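The values are calculated or read from the model by the stated rules, or taken from the named source; none is laboratory data. Since this is a predicted model, take the numbers as computed values, not measurements. Note: ideal-geometry Cβ built from the backbone for every residue, glycine included; neighbour counts use all protein chains shown. Heads up: the accessible areas ignore ligands, DNA and RNA and are worked out on the full protein's heavy atoms, side chains in. Shrake-Rupley method; radii C 1.70, N 1.55, O 1.52, S 1.80 Å.
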Amino acid sequence: MKKSTFDSVLFTFLLAILVLVACCRPDDATTILGNVPQKIENPTNADKIELGRRLFFDQQLSSDQSISCASCHIPELAFTDQKALSDGVKGRKSMRNAPSLLNVAYQKTLMFDGHITSLEEQAIVPIQDHFEMDMKMGEVVKRLRKNLYYQKAAQRIFKRDFDAFVLTRSLAVYERSLVSYDSDFDRYYYGKVDDAINASAKRGWKLFSEVLYCTKCHVPPHFTNFAVANNGYFTDGSADQGRFRIHLDSSDIGKFKVPSLRNVAITFPYMHDGKLKSFEEVLKNYESGGKGSRNQSALINKFTLTSKERNDLIAFLNTLTDSKFKEK
């Protein structure tokens, strides 16, 4: 074989190996999180994602054109806003704390009540909510259809004029593209890079998973079990009774969806009402064994941490931040 031919074959062989390694690297989203769930009736493509992205950042979706989806879900803050309650139109405040949208495609249900089953359906809620965007769907469609880009994109991608179907399907596809899997913990646990996290964080992970069994609710790799539960923070006198408001079932009083702990270091403040501002305050709730309200989960039991153990737990939680979404 001629040297030039041999070199060409060798180059092709090595390139194939590099491609294989790249596709199978341990920090790949599919390897860690599983395949990103899709809707057969709303398939993903690049054009649809871009249309959804533009809509996500467009303040025309709100009645006074003062806020967009991105006002409450800021990319560099892991798609939260670090406020107890988000700012709505006309000085109003949202009913609950804004959750992260990262990995929202994997969620079994949506909203703190865990009652909505698709992103397409969920997209309608903040647009029409009185305390958030306060916009009638007919009015927002009429407004956005005047935008030449939106109208042409709708006709090209969906073969129809811009309407509520186009709006909700595009936003849903964009949100499904928001995948987070590149944390120090991912490199340590899934990538087998031992020095990706320090000794304190390793001790914290052991406490979290093997001593306190926090993983019963915050199950890796998503760090949630996707369930609704009463975590002991709710009190019987609370105005917001959680999932109860959906079906008026007394067994749902005080139950809220278990959030993912991915990127938890930058998604403060915590709980459905955003009243706990730090890891220390959250740990205090759990160490106390909760407030003993009706329907409190049997998994919430009193325990005691030393200062070192508390610091180790916090060190572990800090490793769950995806470097792509750190605040700049």
Give the number of residues within the range 298-308 that are open to solvent by 60 Å² or more (accessible area, probe 1.4 Å), of a type outside the set (A, V, I, L, M) and closer than 23 Å to S260 by Cβ.
1
What number of residues within the range 119-133 are part of a helix (DSSP H, G or I) and either over 11 Å from T168 (Cα atoms) or of a type in the set (D, E) (or both)?
4
Do we have I266 as within 24 Å of L110 (Cα to Cα), touching an Asp or Glu at 6+ places or on another chain (Cβ under 7 Å), surrounded by fewer than 17 Cβ atoms within 10 Å (Cβ to Cβ) and among the hydrophobic types (A, V, I, L, M, F, W, C) here?
no
Pair list, Cβ under 7 Å, 6 or more apart: the range 126-152 residue of a type in the set (S, T, N, Q), other residue assigned to a helix (DSSP H, G or I)
Q128/M137; Q151/R145
Flag if T235 is of a type outside the set (D, E) and at pLDDT below 95:
yes
Among residues belonging to the range 156-189 that are aromatic (F, W, Y) and closer than 18 Å to K142 by Cα, point out the one that is surrounded by the fewest Cβ atoms within 10 Å (Cβ to Cβ).
F165
Does S293 count as modelled with pLDDT of 95 or more and small (G, A, S)?
no
Run down Y286, Y270 and say which single residue is of a type in the set (F, W, Y) and out of contact with any Pro (no Cβ under 9 Å at 6 or more places or on another chain).
Y286
Residue check: is R176 among the basic types (K, R), at pLDDT 95 or above and over 20 Å from Q122 (Cβ atoms)?
no
Determine which member of the set K152, K192, K216 is on the phi > 0 side of the Ramachandran plot and either in contact with a Lys or Arg (Cβ under 8 Å, 6 or more places away or on another chain) or open to solvent by 30 Å² or more (accessible area, probe 1.4 Å) (or both).
K192
Listed residues A201, A239; which is open to solvent by 60 Å² or more (accessible area, probe 1.4 Å) and of a type in the set (G, A, S)?
A239
What number of residues in the range 259-304 are touching a Cys at 6+ places or on another chain (Cβ under 7 Å) and polar (S, T, N, Q)?
0
Taking into account only those residues within the range 65-95 that are surrounded by fewer than 19 Cβ atoms within 10 Å (Cβ to Cβ) and touching a residue at least 60 places away in the same chain (Cβ under 8 Å), which is nearest to M137 (Cα to Cα)?
M95
Flag if T44 is more than 15 Å from the chain's Cα centre (by Cα) and free of Cβ contacts under 8 Å to residues at least 60 places away in the same chain:
no
In the range 269-281, anything touching a helix residue (DSSP H, G or I) at 6+ places or on another chain (Cβ under 9 Å) and buried (at least 17 other Cβ atoms within 10 Å of the Cβ) is listed as P269, Y270, M271, L276, F279
